[in-house]
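Asker: To start, I am sharing the structure in question, which I have written as structure tokens.
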Amino acid sequence: MSGNSFGQLFRITTWGESHGPSIGCVVDGCPPGMALAAADIQQDLDRRRPGTSRFTSQRREADEVEILSGVFEGTTTGTPISLLIHNTDQRSRDYGAIKDQFRPAHADYTYYQKYGIRDYRGGGRASARETAMRVAGGAVARKCLLEGYGIVVRGYLAQLGPIGVEEFDWSEVSRNPFFCPDAAKVPEMEALIEQLQREGNSVGARVNVVASNVPTGLGEPVFGKLDGDIAAALMSINAVKGVEIGSGFASIEQKGTEHRDELSIEGFLSNNAGGVLGGISSGQDILASIALKPTSSLRIPGRSLDIHGNPVEVVTTGRHDPCVGIRATPIAEAMLLLVLMDHCMRARAQIPDFDAKHPRR
């Protein structure tokens, strides 16, 4: 199976399955000389891991990361950084009943049609469990970007089902299990998730991610556009069915005079472009948004087929998130971090005097 690596100069390769003994990733291209400890990575993993609240999957994984290579005496050496997490709470028996059945809206059907075999235990390689290693790799990129370029990446849950954010406070994001910046909406979200848990149903979500202090000049037209790579990175996240940069689909109803980001001596007057013009960063905040579909694994019976082509009724047991968007914020941040780190290195490789801190005037 190919397609398990992401990035050019700063590159990660993930491996492992949902119910295998462990999952891991290799981070290649990290500059030498940067202080790095497991604790730097663990703080992001703790934000993503399951079982941290009653609103997410109750699979109890500590997600304790081990650094196996690429760090000597607390400092990166420039060699590949290998990261490992042991799976400690697998319950493969939960999936025995569906091993020969295709769950609707899941990857079971396409994996089987392509490879002739599938790991039915929690979805195997298609499981969101794999995203833990993206978050681990993204944490390494986060430290590189902050120390080397001053870039900060943050995300938040903008909408849970029909409940959208109205007020905004960054400090609220870390105070609730939804990563919601609107404290007044949290009780509504709690009530919705509790209702879905009783029903055995699920709902979708919208997550926004923002990168600040981004230098001008990141991106390589025509086929290496920054926004194109961001869209590909975010679209690669499990359950993501839509990506917007800047105004996104709202641009359809805008007039040109509304959408254009006019410039003044103080800077841009708006940011409908989401911080990217012609595939190159403008120095404004990078604004991206993802739409996540409702969780596919449901207790409510659904019609499908088995591997022999017979009609069946599928019921998925086990531990699942009633909304995958609740834990998606750290994942979206990680993918944006990986893209920005890769493009910072690509810009410096092509333009030796590239100055990430001082845009040209």
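Readers should treat all values here as calculations from the given coordinates under stated rules, not as data from a laboratory. Quantities reported herein were computed from a predicted structural model and do not represent experimental measurements. As a convention, Cβ positions derive from the backbone with ideal geometry for all residues, glycine included, and neighbour counts pool all protein chains shown.
Asker: Pick from S297, S202, S174 the residue whose mean-square fluctuation is largest in a GNM of the chain, springs joining Cα atoms under 10 Å.
Answerer: Residue with maximal mean-square fluctuation among S297, S202, S174: S174.
Asker: For helix 226-235, what angle does its Cα long axis make with the longest principal axis of the chain, in degrees from 0 to 90 and rounded to 10?
Answerer: That works out to roughly 10 degrees.
Asker: Okay, moving on. Using 1/(1 + (r/R0)^6) with R0 = 30 angstrom and r between the beta carbons of I252 and V222, what's the FRET efficiency to the nearest 0.05? Could the numbers behind the result be given before it?
Answerer: Working: r = 24 Å, r/R0 = 0.79.
So the FRET efficiency works out to roughly 0.80.
Asker: So, one more: Per the Cauchy relation, a quarter of the hull surface: what is the mean projected area of the convex hull of the alpha carbons in segment 193-268, in nm²? Before the final figure, lay out each step's value.
Answerer: Numbers: hull surface 33.8 nm².
Seen from a random direction, the Cα hull of segment 193-268 projects 8.4 nm² on average.
Asker: List the pairs from K185/K241; K99/K241; K99/K293; K225/K255; K143/K185; K99/K185 whose alpha-carbon separation is above 29 Å, in the order I gave them. Kindly include the intermediate steps, with their values, before the conclusion.
Answerer: On the way: K185/K241 24 Å; K99/K241 26 Å; K99/K293 23 Å; K225/K255 24 Å; K143/K185 32 Å; K99/K185 39 Å.
Cα-Cα > 29 Å for K143/K185; K99/K185; rest within.
Asker: If R0 is 35 Å, what FRET efficiency do you get for N310 and Q43 from their C-beta distance, rounded to 0.05?
Answerer: Values: r = 48 Å, r/R0 = 1.38.
Between N310 and Q43 the formula returns 0.15.
Asker: With each run of n ≥ 4 DSSP H residues scored as -39500 (n - 2.57), what mean residue ellipticity at 222 nm is computed for the chain after dividing by its residue count and rounding to the nearest 500 deg cm²/dmol?
Answerer: Numbers: 8 runs with 92 residues, N = 361.
Calculated from helices alone, the mean residue ellipticity at 222 nm is -8000 deg cm²/dmol.
Asker: Another question about this same structure. For q values of 0.19, 0.22 Å⁻¹, compute log₁₀ I(q)/I(0) with the Debye formula on a Cα-only model of segment 120-190, without solvent.
Answerer: After summing over all Cα pairs, the log10 values are -0.91, -0.95.
Asker: Sticking with this structure for a sec: Tell me, in nm to one decimal, what length is gained between S5 and E66 on full extension, where the rule is 0.36 nm per residue of separation less the Cα-Cα distance?
Answerer: Values: separation 61, 0.36 × 61 = 21.96 nm, distance 1.99 nm.
In short, 20.0 nm is gained.
Asker: Cα atoms only, the chain: Rg and Dmax in Å?
Answerer: Answer for the chain, Rg first and Dmax second: 21.0, 68 Å.
Asker: Here is a further query. Consider a paramagnetic label point 7 Å from the Cα of F354 along Cα→Cβ; state which residues of segment 214-241 have an amide N under 13 Å from it.
Answerer: Residues 215-221, 224-226 qualify, since their backbone N sits under 13 Å from the label point.
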